[in-house]
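The values are calculated or read from the model by the stated rules, or taken from the named source; none is laboratory data. As the structure is a prediction and not an experimental result, all values here were calculated from the model. Cβ placement follows ideal geometry from the backbone for every residue including glycine, while neighbour counts extend to all protein chains displayed.
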Amino acid sequence: MHFSKTYSQLLSTLPPDLRDKAIEYRQLKKLINQVVVELTALGLSPETLQRILLESHVTTSAEYDPKGKSRESGPNPLSLIPSGPSEASSTEPPLFPRIVYELNTDSGEIEPRLRLWTSSNTQFLLDTTSQFVNPAHLEVLNDKPPSLAPCDVEVEVDSPPARSTLGEPSFAESRELVIPLPSDSAFFHSLIHATQTLSLFLMAIRKEFTQNMEDLARNISATAKPMSSKSSFHTYSSSTNPALVTIRSPASYFGSSKSDLSAWREVFQMYLESEVFESHGEQKRGERAVEDAEHRLGLFLRRLGERGLADGSGMKLQQSKQAMRMFLELNASILNLLKFQYATNEATRKILKKHTKRTALPINLVISSPFSIIEDAHQPSSSLIRTSSGNTTSLALILVQAIGQTIIPIVPDIDDYSCVICSDIAFKPIRLHCGHLFCVRCLVKMQKRGQANCPMCRAPTVLIANRSNVDWALLNFMRDWFPAEAKKKMEQNEKEAAKEEMEELGLNSSGCIIG
Amino acid sequence: MALPKRIIKETERLVADPAPGISAAPHEDNLRYFDVTIQGPDGSPFQNGVFSLELFLPEEYPMAPPKVRFLTKIYHPNIDKWSPALQIRTVLLSIQALLSAPNPDDPLATDVAKHYKENEKDAQRVSREWTERYASS
Ligand SMILES: [Zn+2]
Ligand SMILES: [Zn+2]
């Protein structure tokens, strides 16, 4: 299937506000056709260009600065020269005619042009089947900045002295001409403009998303209150600072303050298990990543539905239902963004490839995706064009991470408070002197077996542990946020201890049968 | 008797997210008993071999280590010190790692360890031979 069809199909699944900002692939394709027409009129059909450019490679120097002025600090944002063997000796006499495709950025826009060197004593017949290069389209280079009006004509001169220092041919007979390419300018203008508009639009989207997410965080915090609704949440409670200890008041739980804590916990657990936007195997990219995310989001919704949570009917509070709706909306918007990102990046890549293939003009230019966000920088880079992609993250990924950092931790995850030995909640929590945490039951078992070393770090901290190793702050935190789990574990511990005691008695008094 | 949460969780993960080159499946009638296969690591004398093991989780697991037995004959000097923080997965991974780097200083099979210490090349040759003879499908 042609890409333009795939592209419009992809876009048709997106909401109109995104679709309106899409790169116009068909229009760009038309512009490429116009470029070909224009070049052919100049006697530079793609075949001719190809041939001349190939020959030009011999003398193309990698040191050549397309801007014709000294380089500014930092890497040159554009690589415009057809990349030939850089070690080619620039002292060899150049072959004529010689041509270089440049993307001039002096005016702040990309203005593509051809720079042409010809021998003055030979007529530069560029295309045997066509006319001479039409002088009306030529502009002869001078030191002053080139004007790009297509019909400007100036009289030829020798290569200006400034050029000869750059290792360019300085043959008395050579003539240097600049041919502006208006349709090609229109092509780049359209592409860059679309990319820039999109970039601004995405910044607005990001801002809106962040705002909605903060509202959502407040809503969820209000509806997923712990046992003692006075408790403030500490992700880390290894401290035994009594100031952090919240005193439990069971009355408040059964009182007026209803909570959807357990419902939210279930939602987030399913969300994490569904791994909607991150597959934990190898990194998937492009189309695969989009399909994968769509599939996983669907599975997550189905699971929610089965538990009566998708529409919030399984939740007690009206505010929870509203928050649930928003949570799902935020996820749907990330999926759309992911699709849009894929469509745009593909369209950009394909259109540039098509440009090269159709016109034979060698573009060596990377247009950075407007979806790529440079980390540690809150503003997008001033230049949309970079030669290297740098350290970038996609916008969709940033939003996924924001949900993971802002929304999910509102409800503490029991897995973060589990004992590595029994895999259950580490209740009552014992903090060994080495800092490692276990449930009291597993500690007792280790002590009974005479196992002196911490299972995590092998420090000899097990046998010396006693009541003073109970982490009271964490204990209260667990009772507050995992009341049911903590209670169940306590009962289990007691049952197990009683059974063990019986067994020990049975072993000691041989003959006693243990049931 | 009900299976402890720890064993349930470990089994779920072993099945859902197996370590590369390792498979472990519990018996239907005894969930503490696992059939295990480990692929010989590339570049080791055990390359291209598939080793069958049985793994059993005793009542005291994880306070006590799992019991592992090679069912495929293998010429290897050692099979570590247990900690309840270790898991079935870590045990199997360390067995797999041992296959790439036999450690004759901490031996289980003393004759083989002696052989590895005295003439490593020859011991590797025998390991390769055994892999071909017993562990190739
Ligand atoms: Zn425990
Ligand atoms: Zn420790």
Go through (1) outside any loop (DSSP other than H, G, I, E, B); (2) within 13 Å of chain B (Cβ to nearest Cβ); (3) within 16 Å of ligand 2 (Cβ to nearest atom) and name the single condition A:Ile430 misses. (2)
Selection from the range A:398-416 of residues that are more than 21 Å from A:Ser320 (Cβ to Cβ) and within 14 Å of chain B (Cβ to nearest Cβ): A:Asp415
Matching entry among A:Leu395, A:Leu463 (being over 22 Å from B:Ile7 (Cβ atoms), surrounded by fewer than 17 Cβ atoms within 10 Å (Cβ to Cβ) and more than 10 Å from chain B (Cβ to nearest Cβ)): A:Leu463
Working carefully through the options A:Ile425, A:Ile421, find the one that is within 11 Å of chain B (Cβ to nearest Cβ) and within 16 Å of ligand 2 (Cβ to nearest atom). A:Ile421
Among B:Ala97, B:Ala123, B:Ala101, B:Ala113, which is the only one that is exposed (fewer than 12 other Cβ atoms within 10 Å of the Cβ) and at pLDDT below 85? B:Ala101
Would you check which residues across the range A:174-201 are β-branched (Val, Ile, Thr) and assigned to a helix (DSSP H, G or I) and list them? A:Ile192, A:Thr195, A:Thr197
Residue check, B:Leu57 against (1) surrounded by 14 or more Cβ atoms within 10 Å (Cβ to Cβ); (2) within 11 Å of another protein chain (Cβ to nearest Cβ), all met but one. Which one? (2)
In the range A:467-489, is there at least one residue being under 16 Å from B:Pro62 (Cβ atoms), of a type in the set (A, V, I, L, M, F, W, C) and surrounded by 17 or more Cβ atoms within 10 Å (Cβ to Cβ)? no
Could you tell me which residue of the range A:433-443 is surrounded by the most Cβ atoms within 10 Å (Cβ to Cβ), considering only residues that are in a loop (DSSP other than H, G, I, E, B) and away from chain B (no Cβ under 13 Å)? A:His433
Which numbered condition A:Val37 misses (of (1) under 30 Å from A:Asn336 (Cα atoms); (2) surrounded by fewer than 19 Cβ atoms within 10 Å (Cβ to Cβ); (3) at pLDDT 90 or above): (1)
Number of positions in the range A:450-479 that are away from ligand 2 (no atom under 14 Å from the Cβ) and hydrophobic (A, V, I, L, M, F, W, C): 7
Which one of A:Met446, A:Met478, A:Met456 is more than 11 Å from every other protein chain (Cβ to nearest Cβ) and either within 13 Å of ligand 1 (Cβ to nearest atom) or part of a helix (DSSP H, G or I) (or both)? A:Met478
Can you name every residue in the range B:10-49 that is surrounded by fewer than 17 Cβ atoms within 10 Å (Cβ to Cβ) and within 11 Å of chain A (Cβ to nearest Cβ)? B:Glu12, B:Arg13, B:Ala16, B:Asp17, B:Pro20
